[in-house]
Amino acid sequence: MKKLFPSEFADLLTPKGRRILDGRDKTVSGALLDPARRFVSLQGVVDAGRAAACRDALDKALRELVVPMEDPIPHDSISGMTMNYMELLPKTVRVRTALLENRRSRSWRAAEAVGLTTMLRSETFAAFAAAVSGRVLRRGWGIQVLCYGPGDYSGPHNDHHPEEAEARDGYVDMHLSLTMPGVDHQYLVYEKDGHLSEMTRVSTVGGVTVYRLPFWHYTTPLLARRGAEADSRRWVLLGTFLDAAPQAKPSTTVAPPGLSGARLPARGA
């Protein structure tokens, strides 16, 4: 199978995307250093033609290999209540996924065959996340593929991990959306000023979203175009990046533009 994904994420980028990668777009570079800004949605940074070719190769290679990930509303979420207006809803989700961490799995081999794993592990994939987040990130980031079909969604959640010392103070996610033509729409709804009041369309071909987690958000159910349900999928390529530790060696980190080779300051500096 031909490797349609480039070996470097940078090779998918438009001139606008290159400016961000190089730290030359002042409106985006380091945007997530602002504590009040937890999310950036970027359009026009990935070449649409190349993104569509990668999407089609990915859909052919992986659509039969992704596995269901489903957590429904607990059956006693209503009957178990004992006080008015004290309902609690844990994270609910329905989607399919491939984790891409097990080299023996069929999904990893299929992703490798089209060049996907190489691109998600590329230096410039992490460098783009570092450029937008403004943070020095740790190497060895996690990668995953999600596939949303008709009705698939992710309910309100915040992605906080208080039991994990390396993530509890915050971390960075970056998503690349590759949406099939049969999709009508899907949106991300996120919190601002204490309300789930902000919304952006994520059913794009080549749209990039970068998150400084945790914060409250959810993904609406994917709606297919009438008659196109069988071929209605939104693929999401995902990288999860931990902050580099204070005084980490430069060889173990990916720094934003202008900080390459620099040591991290101690906490509180």
Members of the range 156-170 found to be at negative phi and surrounded by 16 or more Cβ atoms within 10 Å (Cβ to Cβ), listed by number
Pro156, His157, Ala167
Could you tell me whether Asp59 is of a type in the set (D, E, K, R) and over 19 Å from Val183 (Cα atoms)?
no
Looking at (1) more than 19 Å from Lys3 (Cα to Cα); (2) over 21 Å from the mean Cα position of the chain (by Cα), can you tell me which one Val95 breaks?
(2)
Restrict the check to the range 224-234 and report whether at least one residue is closer than 28 Å to Thr124 by Cβ and not hydroxyl-bearing (Ser, Thr, Tyr).
yes
Which of the residues that make up the range 2-24 are surrounded by fewer than 20 Cβ atoms within 10 Å (Cβ to Cβ) and assigned to a helix (DSSP H, G or I)?
Ala10, Asp11, Pro15, Lys16, Arg18, Arg19
Selected residue (only one of Gly182, Gly207, Gly227 is at pLDDT 95 or above, of a type outside the set (Lys, Arg) and at positive phi):
Gly227
Which listed residue, of Gly182, Gly140, is small (Gly, Ala, Ser) and more than 30 Å from Gln247 (Cα to Cα):
Gly182
Complete set of residues in the range 183-195 that are over 19 Å from Glu229 (Cβ atoms), open to solvent by less than 80 Å² (accessible area, probe 1.4 Å) and in a strand (DSSP E or B):
Leu188, Val189, Tyr190, Glu191
Let me confirm something: among Leu176, Leu242, which residue is open to solvent by less than 40 Å² (accessible area, probe 1.4 Å), hydrophobic (A, V, I, L, M, F, W, C), at pLDDT 95 or above and not in a loop (DSSP other than H, G, I, E, B)?
Leu176
With (1) in contact with a Phe, Trp or Tyr (Cβ under 6 Å, 6 or more places away or on another chain); (2) surrounded by fewer than 17 Cβ atoms within 10 Å (Cβ to Cβ) as the list, and Arg234 as the residue in question, which single condition is left unmet?
(2)
Could you check the range 53-65 and list, in sequence order, the residues that are within 17 Å of His175 (Cβ to Cβ) and either of a type outside the set (D, E, K, R) or modelled with pLDDT under 95 (or both)?
Cys54, Leu58, Leu62
Conditions (1) open to solvent by less than 30 Å² (accessible area, probe 1.4 Å); (2) farther than 20 Å from Val95 by Cβ; (3) β-branched (Val, Ile, Thr) -> Thr252 fails only (1)
Sort out which residues of the range 1-52 are over 17 Å from Met174 (Cβ atoms) and either touching a Phe, Trp or Tyr at 6+ places or on another chain (Cβ under 8 Å) or among the small types (Gly, Ala, Ser) (or both), and write them in order of number.
Ser7, Ala36, Ala48, Gly49, Ala52
Sole miss for Ala248 among (1) of a type in the set (A, V, I, L, M, F, W, C); (2) in contact with a helix residue (DSSP H, G or I) (Cβ under 9 Å, 6 or more places away or on another chain); (3) in a loop (DSSP other than H, G, I, E, B) is condition (2)
Any hit, the range 214-223, residues being assigned to a helix (DSSP H, G or I), out of contact with any Asp or Glu (no Cβ under 8 Å at 6 or more places or on another chain) and either open to solvent by 60 Å² or more (accessible area, probe 1.4 Å) or among the polar types (S, T, N, Q) (or both)
no
Where in the range 25-143 are the strands (runs of 3 or more DSSP E), entirely inside, with at least 3 residues that are in contact with a helix residue (DSSP H, G or I) (Cβ under 9 Å, 6 or more places away or on another chain) and open to solvent by less than 50 Å² (accessible area, probe 1.4 Å)?
39-42
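The values are calculated or read from the model by the stated rules, or taken from the named source; none is laboratory data. In this text the structure is predicted, and so the values were computed from the model without any measurement. Because the Cβ atoms are built from the backbone with ideal geometry, glycine has one as well, and the counts that use them run over all protein chains shown. Remember, those area values only see protein heavy atoms, side chains included, never the ligands or the DNA or RNA. Shrake-Rupley method; radii C 1.70, N 1.55, O 1.52, S 1.80 Å.
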